[in-house]
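Student: Dumping the structure here so I can ask a few things about it.
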Amino acid sequence: ETLDRLCIHGSVENKFPTESFRAAFDDLDLPTEVVGDGESLGPTDAVSSFRPRPEFHDVAWVHCIRAGYDEFDTASYEAAGVPLTNSTGIHDTTVGEMAIGYMLSLARLLHVYRDRQVKRDWYAPPYERPFTVENERLCVIGLGTIGEGIARRADALGMEVVGVRRSDESVPGVSERYHPDDLHDAIGDARFVAVTVPLTPETEGLLAGPEFEVMRDDAYVINVARGPIVDDDALVSALESGDIAGAALDVFDEEPLSEDHPLWGFEEVIISPHRGSATNRYHLDIANLVKENVRRIRDGEPLCNRVA
Ligand code: NDP
């Protein structure tokens, strides 16, 4: 296979500065070019992009710079014979640290103190409210790259970690694995439930009313995967009725979250603007995946992270 050009679609700007990403390929002997919408692309072009575009169906290979490629219609890439790769396998540390940060804050009230700081309020919470994460049970739903990244860190903090996945491969730090059919058993005793599955027809609405009822009243939901996996309306109702205690959310049905959305209003909900993977080195992590696949194409090896 020949590649004549590596195109970087301007939509990568959603995750990092386009020019930093382009410069990360300076050591690659392949011309790189930033392209916008509607660019004419040909069979010797490779494209890295945040968003899918119709013109990508004519190229040699498309790389989605996200792990969650749910916005890309895999069937259409298969029909066009264009390989599609994604960016899984690299978010264990970035999203893992973020999830640990949420849990420590929810346990020790950093978010509450910061809210009060804005009002210069020397706040004393109810005695019963703060707790340590040590010895608390965490259920991680989806034991892939991110799930394992969270589990290993939580295990190091002395938490009791269980998880849910379809296959029965063991995962470091996870003491017990449940099949998705036994989701209610898995989440029933957990203080924290972390969602780390891809968005698929099976995972859409995975956490909804019945799950919040099964969960402990003092439990917290963490969603770092995709918004529609957690039913927003049911989550708001569960927070209002006290079925669960709080949540930390990085992802939403609609992003940005609309200004009048009720989720903004809860003291015990931490909202971050889909920045679970955001660090100043993220463009390098993604560029390394792309470079590895450029090498594989040239050497005639199968692509890594191929999803269509
Ligand atoms: P992986 O593919 O490495 O892991 C996903 C895991 O989910 C797999 O190990 C799979 O295990 C498990 N899984 C799939 N379907 C189900 C199911 N129905 N029930 C239970 N487990 C299931 O992906 P990553 O860990 O890299 O990323 C996960 C998701 O996180 C992405 O798809 C993306 O949407 C989101 N993400 C969010 C980011 C952010 O900034 N907040 C950044 C990066 C990713 P098995 O096959 O055994 O079931």
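The values are calculated or read from the model by the stated rules, or taken from the named source; none is laboratory data. Please read all numbers here as calculations on a predicted model, not as lab measurements. All Cβ positions, even for glycine, are placed from backbone atoms using ideal geometry, and neighbour counts span all protein chains on display.
Student: Consider only pairs whose beta carbons are under 6 Å apart and that are at least six residues apart or on different chains; among these, list those whose first residue lies in the range 203-216 and is over 13 Å from SER237 (Cβ atoms) and at pLDDT 95 or above and whose second residue is assigned to a helix (DSSP H, G or I) and more than 16 Å from the ligand (Cβ to nearest atom).
Tutor: Once the first residue is over 13 Å from SER237 (Cβ atoms) and at pLDDT 95 or above and sits in the range 203-216, its partners that are assigned to a helix (DSSP H, G or I) and more than 16 Å from the ligand (Cβ to nearest atom) give VAL214/GLY188.
Student: Here's a follow-up. Quick one: is SER87 away from the ligand (no atom under 16 Å from the Cβ), of a type in the set (S, T, N, Q) and modelled with pLDDT of 95 or more?
Tutor: Spelling it out, it is not the case that SER87 is away from the ligand (no atom under 16 Å from the Cβ), of a type in the set (S, T, N, Q) and modelled with pLDDT of 95 or more.
Student: So, one more: Please name all residue pairs, on different chains or six or more residues apart, with Cβ atoms under 7 Å, provided the first residue is in the range 257-281 and is on the phi > 0 side of the Ramachandran plot and the second residue is within 16 Å of the ligand (Cβ to nearest atom) and hydrophobic (A, V, I, L, M, F, W, C).
Tutor: Going by the 7 Å Cβ cut-off, the qualifying pairs are HIS274/VAL251.
Student: As an exercise: evaluate HIS184 against (1) touching a residue at least 24 places away in the same chain (Cβ under 8 Å); (2) within 25 Å of SER277 (Cα to Cα) and give the number of the one condition it does not meet.
Tutor: (2) is the only condition that HIS184 fails.
Student: Find the residue count for the range 1-46, including only residues that are β-branched (Val, Ile, Thr) and assigned to a helix (DSSP H, G or I).
Tutor: Residues flagged as β-branched (Val, Ile, Thr) and assigned to a helix (DSSP H, G or I) within the range 1-46 amount to 2.
Student: What number of residues in the range 115-155 are surrounded by fewer than 11 Cβ atoms within 10 Å (Cβ to Cβ) and either among the aliphatic types (A, V, I, L, M) or at pLDDT below 95 (or both)?
Tutor: 2
Student: Does ALA151 fit the bill of being within 16 Å of the ligand (Cβ to nearest atom) and closer than 25 Å to GLY188 by Cβ?
Tutor: Working: within 16 Å of the ligand (Cβ to nearest atom): yes; closer than 25 Å to GLY188 by Cβ: yes.
Yes.
Student: Considering ARG226, ARG216, which residue is closer than 18 Å to ILE146 by Cα and basic (Lys, Arg)?
Tutor: ARG226
Student: Given the options GLU136, GLU160, name the one that is over 18 Å from the mean Cα position of the chain (by Cα), more than 16 Å from the ligand (Cβ to nearest atom) and within 23 Å of ILE271 (Cα to Cα).
Tutor: GLU136
Student: Which of the helices (runs of 4 or more DSSP H) contained wholly in the range 60-137 include at least 1 residues that are touching a Pro at 6+ places or on another chain (Cβ under 8 Å) and free of Cβ contacts under 8 Å to residues at least 40 places away in the same chain?
Tutor: Working: elements: 74-80, 92-108, 110-118.
Correct list: 92-108.
Student: Just to check your reading of the model, which residue among HIS274, HIS261 is within 14 Å of the chain's Cα centre (by Cα) and closer than 30 Å to PHE131 by Cα?
Tutor: HIS274
Student: Is it true that GLU268 is touching a Gly at 6+ places or on another chain (Cβ under 7 Å), modelled with pLDDT of 95 or more, over 16 Å from LEU6 (Cα atoms) and surrounded by fewer than 19 Cβ atoms within 10 Å (Cβ to Cβ)?
Tutor: Criteria met by GLU268.
Student: Test each condition in (1) within 16 Å of the chain's Cα centre (by Cα); (2) more than 13 Å from the ligand (Cβ to nearest atom) for GLY173 and report the one that comes out false.
Tutor: (1)
Student: Sticking with this structure for a sec: Output the residue which, of all residues in the range 277-306 that are among the aliphatic types (A, V, I, L, M) and in a loop (DSSP other than H, G, I, E, B), is nearest to the ligand (Cβ to nearest atom).
Tutor: Looking at residues that are among the aliphatic types (A, V, I, L, M) and in a loop (DSSP other than H, G, I, E, B), I get ALA278.
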